[in-house]
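The values are calculated or read from the model by the stated rules, or taken from the named source; none is laboratory data. Only a predicted model underlies this, so the values are computations on that prediction, with no experimental measurement involved. With ideal geometry, Cβ positions are generated from the backbone for all residues, glycine too; neighbour counts draw on all protein chains shown.
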Amino acid sequence: MTERTELVEHGQLFIGGEFTDPLGTEVIEVISPHTEQVIGRVPHASEGDVDRAVAAARRAFDEGPWPRMGLDERIAVITRIKDAFAVRHEEFARLISAQNGTPYSSSVMVQALAAMMVWDSAITVARDFPYEERRDGVLGPLLVRREPVGVVAAVVPWNVPQFTAAAKLAPALLAGCTAVLKVSPETPLDAYVLAEIAEEAGLPPGVLSILPADREVSEYLVGHRDVDKVSFTGSVAAGRRVMEVASRNLTRVTLELGGKSAAIILPDADLEAAVAGIVPFAWMINGQACVAQTRILVPNSRYDEMAEAFAAAAGALRVGDPLDPTTELGPLVAQRQQQRSLEYIKLGQEEGAKILTGGNRPAAQERGWYVEPTLFGSVDNSMRIAREEIFGPVICLIPYEDEAEAVRIADDSPYGLSGSVWTADTERGIDVARRVRTGTYSVNTFSLDMLGPFGGYKNSGLGREFGPEGYGEFFEHKMIHLPAGYREA
């Protein structure tokens, strides 16, 4: 029998670097997607709590020591946070799996150690970043500085809560910014572990607050006049709303949004390697990942062979309790997500696509928000199941005639976040990667490297995370004109 997570309850909020009583009485109940039972309770932050957190961040940025510390001092604090992730990674993995259904077998890496790698990679980038440089201007010498943007509102989703939090907090804090992290009501429990770690690491007062709350409170935070920068991960619809609200104050935004990424399998590809490489990243986090390879493009010349291989692999995925270490596909985070996937499965059938495997609730799961790993074949790219982000375990197999058509189909999407190509000829794969308009691409693999820029084209977002490009999103640029003939002593 799988060990269950005991009821976790917190009565305070982490505001300005300390645990304090909330202003309101509203409570968030965390529901297990496996048992449909309450597994946690935390305070629901109010607009008044947002005001307190932003005010603390404003003071800490305008008057406190954090932005004025040397880089090495900030790195020392962030290193302690990173090291604590290594120590507590199993705790993070179990808490997140219990809340959002990620199989524990992958949660240790995807949810916990990957977040630690983000903190670590940000430190590497910060050490080598050009904070100040001299240039020869048209009218004389220039000094170009990069200065921290100010108070950051970081809004993260429930699917990879610590990974996305790290993607925002690590660069923001290293840059010298202060931050208010707004976490999803579906996954607030792991945020309390992060708060404990931050407190123990020695962040000065006011530098970080963590607030669990719903969309309405998120909107209040995003529109707060004392917020200088919003970094958001979520749906396209929510991203549009964030941009609209932030525009009232001309607040800078970074938006990491949805995807409908295509994995192109060329005719010369090793099918066994392609199946082994694509399946885990098509159904990753139970299909609840923006970078998931949800469209698999296969050549007509090998369609039957490839359809059979992918259907067999998907059908063999072990479905069950996310805390069971043998589980490969767990439940969706909420009943609404389960219903959404089932509705798209029905829609796909109505559109004329053929279910190759799955398509129902698993018979063995009497409760929980489960959907079988589902693969549609004979999908046309104009179908809604091929164009809209389902965010569930529903994948499309799309045939193509030649390489040019494969690239056209991959690009025929409102999204442009991720993708991959599989071929015996790596140079040919690189050529395909250059032609597909998407922010991140892989050749004969799938990866997300934290030292390179991550973000999307088209509706997949604005700006970048990770690498020096993502780090640079948390800075303003200042140009200082120096007198003609000036030379540094």
Check your understanding: Residue check: is D321 surrounded by fewer than 16 Cβ atoms within 10 Å (Cβ to Cβ) and assigned to a loop (DSSP other than H, G, I, E, B)?
Key -> no
Practice item. Test V77 against the stated conditions and say whether it is surrounded by 15 or more Cβ atoms within 10 Å (Cβ to Cβ) and part of a helix (DSSP H, G or I). Key: yes
Review point. Quick one: in the stretch 15-49, which of the residues that are among the hydrophobic types (A, V, I, L, M, F, W, C) and closer than 30 Å to G368 by Cβ is surrounded by the fewest Cβ atoms within 10 Å (Cβ to Cβ)?
Key: V38
Check your understanding: Has the stretch 294-316 got any residue that is assigned by TED's automatic domain parsing to the domain that holds Q365 and in a loop (DSSP other than H, G, I, E, B)?
Key -> yes
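Go through Q111, Q162 for me and flag whichever is touching a Leu at 6+ places or on another chain (Cβ under 8 Å) and within 25 Å of V253 (Cα to Cα).
Working: Q111 fails: touching a Leu at 6+ places or on another chain (Cβ under 8 Å).
The conditions single out Q162.
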Review point. Given the structure, is V118 at pLDDT 95 or above, outside any loop (DSSP other than H, G, I, E, B), under 20 Å from L208 (Cβ atoms) and not acidic (D, E)?
Key: yes
Exercise for review: With the condition kept exactly as written, say whether any residue in the stretch 439-449 is assigned to a loop (DSSP other than H, G, I, E, B), hydrophobic (A, V, I, L, M, F, W, C) and either surrounded by 21 or more Cβ atoms within 10 Å (Cβ to Cβ) or outside the structural domain of A175 (by TED's automatic domain parsing) (or both).
Suggested key: yes
Practice item. From R52, R59, grab the single residue that is surrounded by fewer than 18 Cβ atoms within 10 Å (Cβ to Cβ) and assigned to a helix (DSSP H, G or I). Key: R59
Practice item. Check off (1) of a type in the set (V, I, T); (2) in a helix (DSSP H, G or I); (3) surrounded by fewer than 24 Cβ atoms within 10 Å (Cβ to Cβ) for I285 and give me the number that stays unchecked. Key: (3)
Review point. If you take just the strands (runs of 3 or more DSSP E) that sit entirely in the stretch 361-437, which of them hold at least 3 residues that are over 26 Å from E350 (Cα atoms) and of a type in the set (S, T, Y)?
Key: none
